[in-house]
Amino acid sequence: MKTILQLIELYTLACELHNKGRAACFQRTSNNAQPGGITDQELIAIYWFCHLHQRFDKKAMHEFIRDYWREYFPQLPAYQTFVVRLNQLEPTFQSLGAQLQARLNARQMAALDQLIDSMPIALARGGHAYTAKVARETADVGYCASKKLFFHGVKLHAVATRRSGQLPQPQELWLREASCNDLRSFKEQELDVPLTTLFGDKAYCDRALAAELAEQGITLRTPQKQLKGTELNEWEKYYNRCVSRLRQPIEGFFNWLQKKTQIHHASAVRSDDALKIHCWGKLTVAYLILVFNP
């Protein structure tokens, strides 16, 4: 009974948010706008429901609903149509994510320290990264220094508020091609986030950026880089440990995101549309959990 109520609540929420964001959801109005008879709202509810029950890829989702919940979705189409319909919902999921972000921000406390970092979303790894041809419109080859990983895919960048004893609260999330380094991505992103102190890793260690942020009243804290042929003194080592400790929670956020959505693994993605759904759809799941299970 509890699971049934969860499904009903998810469908009701999907309808509510979908209707509020209708203009941004890019409604399709052709005669064949909803092939298979299933609605966008039902697809959204299925996507969320399946993720909450550990079904992370489209095939597992379709089989789960077909085998156990078909009576609630009598218009569930064949797997191929199900995939096509989901892949059309990228603008919808972006709209839903924005609305859930607004709900999360509604209970935000006064601006505190902010954390910034990125994580790879890999379609192919290692030697396969250089021969991969999937989603070339969005993805390319890059390197993740923290994981010592060459990969073909995109990077998820995040600015999040540090909270005592809790996961950081995401304020801005955006995607860039894998080859775009973290510093460049941050400089080119127009952020609408109240910043006081910003903690980042060595990728954001840039004097020009620090000076620019200082003019805006923002303090940038990054570890001290060790110059070639020199040693860090004891104060610099202590400072680096403090910065690393303060920014560590964002690593916890990425680990939590991976556990709840499996967003890091995108090897089953076969198109640009599928990659966008893989990313934005799973981010709405994360927002859903943060809003209703803080």
Once both label points are put 7 Å beyond Cα along the C-beta direction, the SER179-LYS225 separation in nm becomes 2.2 nm
So between ASP272 and GLU251, what do we pick up on full extension, going 0.36 nm a residue minus the alpha carbon distance? 4.9 nm
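Which links in LYS2/LYS276; LYS59/LYS282; LYS20/LYS58; LYS58/LYS133; LYS155/LYS282 stretch past 23 Å when you go from one Cα to the other? Before the final figure, lay out each step's value.
Working: LYS2/LYS276 32 Å; LYS59/LYS282 15 Å; LYS20/LYS58 26 Å; LYS58/LYS133 21 Å; LYS155/LYS282 14 Å.
In this structure, LYS2/LYS276; LYS20/LYS58 lie more than 23 Å apart at Cα.
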Assigning unit charges at the beta carbon (Lys, Arg +1; Asp, Glu -1) and nothing else, what dipole magnitude in debye, to the nearest 20, does the chain show about its Cα centre? 600 debye
Please list the helices of the chain that count as membrane-span-like by this rule: a mean Kyte-Doolittle hydropathy of at least 1.6 together with Cα atoms stretching 20 Å or more along the helix axis, each helix being a complete DSSP H run. none
Which residues in region 75-108 place their backbone N less than 13 Å from a point set 7 Å from the Cα of LYS59 along the Cα-to-Cβ direction? 79-80
Rounded to the nearest 500 deg cm²/dmol, what is the calculated helix-only ellipticity per residue at 222 nm for the chain, with -39500 (n - 2.57) per DSSP H run of length n ≥ 4? -15000 deg cm²/dmol
Could you check the spin-label model distance between ASP67 and TYR79? Points 7 Å from the Cα along Cα→Cβ, value in nm. 1.2 nm
Total charge dipole magnitude, region 234-293, about the Cα centre, Cβ charges on Lys, Arg, Asp, Glu only, Debye to nearest 20: 160 debye
Of every Cα-Cα pair in the chain, the percent that sits beyond 24 Å: 56 percent
Mind listing the long-range amide H neighbours of ARG125? Cut-off is under 5 Å, sequence gap 5 or more, other chains count too, H placed in the peptide plane at 1.01 Å from N. HIS152
Virtual spin-label span in nm between ASN105 and LYS202, 7 Å along Cα→Cβ: 3.4 nm
Taking 0.36 nm per residue of sequence separation and subtracting the Cα-Cα distance, how much length would be gained by fully extending the chain between ALA145 and LEU232, in nm to one decimal? 29.2 nm
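Bear in mind that the values in this text are calculations on the coordinates, not laboratory data. Because the structure is predicted, anything quoted here is derived from the model rather than measured. In this analysis, Cβ positions are derived from the backbone assuming ideal geometry, glycine residues included, and neighbour counts consider all displayed protein chains.
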